[in-house]
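The values are calculated or read from the model by the stated rules, or taken from the named source; none is laboratory data. Everything numeric in this text was worked out from a predicted model, so none of it was measured. Glycine gets a Cβ as well: all are built from the backbone with ideal geometry, and neighbour counts include every protein chain shown. Accessible surface is based on the protein model in full, side chains and every heavy atom, while ligands, DNA and RNA are left aside. Shrake-Rupley method; radii C 1.70, N 1.55, O 1.52, S 1.80 Å.
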Amino acid sequence: MTQPRHARDTERGRYYSDPAGGPDLVSVTNVLGTGVSKPALIPWAVKLTAEWVLAHRIEVARRALTDREQLLKDIKAVHRDARDRASDLGTRVHHRAEKMALRAPFEADAEVDPYARQLAVFWDRWGVDLDEHIVAAEITFVHRRLGYAGTGDCMVYLPTGPRRRLELWLIDYKTSATRPASSVYPEHALQLAALRYAEAVLLPDDTDGAVPRIERAGILNLRQRSHALVPMPANRRAHRAFRGALETTKWLHPAATTYPALLPPAADARLNRKVA
């Protein structure tokens, strides 16, 4: 995802400043990263690290004897570097998608081109007119009462209703070089529900606008050679689940990391006598 205009990174993750002057709003992705367990990440990191070690086994064996400390640092960084590269590519794809939706010029990027072509194919197959059917691209949703904000990738009308009636979709783009185009994570429904049931959207002049009546929500998975639109159950139940993660996040972020130890009565008495 691109860096939204009012978003900033903090020691506790991304927060949004409120142009209306209120308290900072925790980002939806921050909530999901803090308050929702992601068990799939650990096996992915282990697999990636093991593959790297096997691919560099001669180097690893040599450096284990001559450069052990730095080798350990390099091995620990394997999955972090891969995550950062994927995140950077995802940001660039989102940036290109926004420019394409707005018919704005964009910089050449050969690594992004395959994903952008798949987005163009998706629009073509669904008969999307960029001027008539796309309501907004990269629009920020805010929920001041609950204290969160997030950015939606695209709101677009698609002919998915009865007799091909146009329905307004809230769509989030996801990119991956390895996962199938049909795959999603459960927390994606929470992300979309958080935006769908926000209180307002921020207009270009930073004033509030009404959230349109969003009828469907889904993930548009963009891959180098394929794509898939996966509908998600971003309903009120999913929003309640998101609110639970939000409360967890609000508790964890300001929580202390150390607390004073409690001494037993005898030890406390001895300490007082020694001070006296």
Note on the stretch 101-156: residues of a type in the set (G, A, S), in contact with an Asp or Glu (Cβ under 9 Å, 6 or more places away or on another chain) and closer than 19 Å to L168 by Cα are A101, A137, G152
Looking across the stretch 242-261 at residues that are open to solvent by 90 Å² or more (accessible area, probe 1.4 Å) and of a type in the set (D, E, K, R), the single one that is farthest from H143 (Cα to Cα) is E247
Restricted to the stretch 192-236 and to residues being part of a helix (DSSP H, G or I) and either free of Cβ contacts under 8 Å to residues at least 24 places away in the same chain or open to solvent by less than 10 Å² (accessible area, probe 1.4 Å) (or both), the residue nearest to V142 (Cα to Cα) is L195
Flagged in the stretch 98-143 as open to solvent by 40 Å² or more (accessible area, probe 1.4 Å) and touching a strand residue (DSSP E or B) at 6+ places or on another chain (Cβ under 7 Å), in numbering order, are E98, L102, V121, W126, V135
Residue count, the stretch 1-27, condition aliphatic (A, V, I, L, M) and over 17 Å from H94 (Cα atoms), comes to 3
| Can R85 be described as of a type outside the set (G, A, S), without any contact (Cβ under 8 Å) to a residue 40 or more places away in the chain and either part of a strand (DSSP E or B) or touching a helix residue (DSSP H, G or I) at 6+ places or on another chain (Cβ under 6 Å) (or both)? | no
Exactly one of T140, T91 is polar (S, T, N, Q) and part of a strand (DSSP E or B), and that residue is T140
Wholly inside the stretch 1-59, strands (runs of 3 or more DSSP E) that include 3 or more residues that are open to solvent by 30 Å² or more (accessible area, probe 1.4 Å) are 7-10
The condition of being out of contact with any His (no Cβ under 8 Å at 6 or more places or on another chain) and on the phi > 0 side of the Ramachandran plot holds, among G147, G90, only for G147
Among K47, K38, the single one that is basic (K, R), touching a residue at least 60 places away in the same chain (Cβ under 8 Å) and under 19 Å from D84 (Cα atoms) is K38
Within the stretch 176-205, the residues that are modelled with pLDDT under 95 and among the polar types (S, T, N, Q) are S176, T178, S182, S183
Scanning the stretch 104-134 for residues that are in a loop (DSSP other than H, G, I, E, B) and small (G, A, S), the one farthest from S226 (Cα to Cα) turns out to be A104
